[in-house]
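The values are calculated or read from the model by the stated rules, or taken from the named source; none is laboratory data. Everything numeric in this text was worked out from a predicted model, so none of it was measured. For neighbour counting, all protein chains shown are included, and Cβ atoms are generated from backbone atoms with ideal geometry for every residue, glycine included.
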Amino acid sequence: MVRQRSTNTADVREVALAGLDLAAARRVLDLGCGFGFLAEALAPRLPATTRVLGVDVWASNREPFLSRLACRHRTGAFECLEVQRQVPWPRRSFDLVTCSYSLYFFPDIIPEVARVLSPEGIFLVITHSEHSFRGLFHAAGLDAEGSRLRALLGHFSAENGEQKLAAWFEDVRRVDYKNELRFERAHLDELLAYVRFKVPLLFPGARADGPVPPAQAEHVRATLSRRGTVIIEKDDAIFHCRRPRCP
């Protein structure tokens, strides 16, 4: 659905992986791997013997993550682990570490990534702009300022990511990915589904599988009906980090 409503037709994963030589990436760590969004696109670019370790706080992501790797004929493993400031692996354990739309949950892990990455390895990060999703808040009748989502994006974003990474990597290169999600009146169900996906970040105390509160759902319907189009900002930044400064 996100791809269908994006004004940028390029797959952000393909943009992130373009030009990367991954022939030496035999040991891969995917932090905050989710259901395998990035691993699915990454796998065909890796050597056939590469092992990909996915780490996520949600155990429910185990099966979809491993299934996506298997469909790409790559070997994977999954660990349900909450990472904040430390990871349990020794120095130089991985040739590639990836973190797709999750580093803002645990930005203090960056020094540990530098520690477990091999000297010739790559740390690949995809993240949002701090100014993303303003249209989402407006459509739902919510105040973006002071929200959990806005605070979360401030932890690691397109705006401050390069500075945070440069403290631990000598070579940090940035690629911008400009995008918007555009919903027309005929896409009401998709817009509500997208709001539902963001419920835990929009409504304090809401369950990850909880519904959109009725008042906000009605506001979304009324906004889309009145305006005809709802645009949600979704600019991203991609960082390729090399030459780790091992702590």
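Observations on the model:
- For the range 19-48, a tally of residues being touching a strand residue (DSSP E or B) at 6+ places or on another chain (Cβ under 8 Å) and either not in a strand (DSSP E or B) or not aliphatic (A, V, I, L, M) (or both) returns 17.
- Check on Leu188, part of a helix (DSSP H, G or I), on the phi < 0 side of the Ramachandran plot and either without any contact (Cβ under 8 Å) to a residue 12 or more places away in the chain or not charged (D, E, K, R) (or both): yes
- Note on the range 53-86: among residues that are assigned to a loop (DSSP other than H, G, I, E, B) and of a type outside the set (A, V, I, L, M), the one that is surrounded by the most Cβ atoms within 10 Å (Cβ to Cβ) is Arg74.
- Condition met for Asp108 (touching a residue at least 40 places away in the same chain (Cβ under 8 Å), acidic (Asp, Glu) and touching a Lys or Arg at 6+ places or on another chain (Cβ under 8 Å)): no
- Apart from one condition, Phe35 fits all of (1) within 28 Å of Arg245 (Cα to Cα); (2) under 14 Å from the mean Cα position of the chain (by Cα); (3) not β-branched (Val, Ile, Thr); the exception is (1).
- Of residues in the range 87-98 being out of contact with any Lys or Arg (no Cβ under 6 Å at 6 or more places or on another chain) and touching a residue at least 12 places away in the same chain (Cβ under 8 Å), the one surrounded by the most Cβ atoms within 10 Å (Cβ to Cβ): Val97
- Residue check, Phe137 hydrophobic (A, V, I, L, M, F, W, C) and in a strand (DSSP E or B): no
- Of the residues making up the range 19-52, those that are surrounded by fewer than 19 Cβ atoms within 10 Å (Cβ to Cβ), of a type in the set (Gly, Ala, Ser) and free of Cβ contacts under 8 Å to residues at least 60 places away in the same chain number 4.
- Glu120 vs. criteria exposed (fewer than 13 other Cβ atoms within 10 Å of the Cβ), modelled with pLDDT of 90 or more and under 26 Å from Arg13 (Cα atoms): yes
- Filtered residue count, the range 149-180, keeping only those that are assigned to a helix (DSSP H, G or I), surrounded by fewer than 14 Cβ atoms within 10 Å (Cβ to Cβ) and touching a helix residue (DSSP H, G or I) at 6+ places or on another chain (Cβ under 9 Å): 1
- The range 128-148, residues that are touching a helix residue (DSSP H, G or I) at 6+ places or on another chain (Cβ under 8 Å) and touching a residue at least 60 places away in the same chain (Cβ under 8 Å): His128, Ser129, Ser132, Phe133, Leu136, Phe137, His138, Ala139, Ala140, Gly141, Leu142
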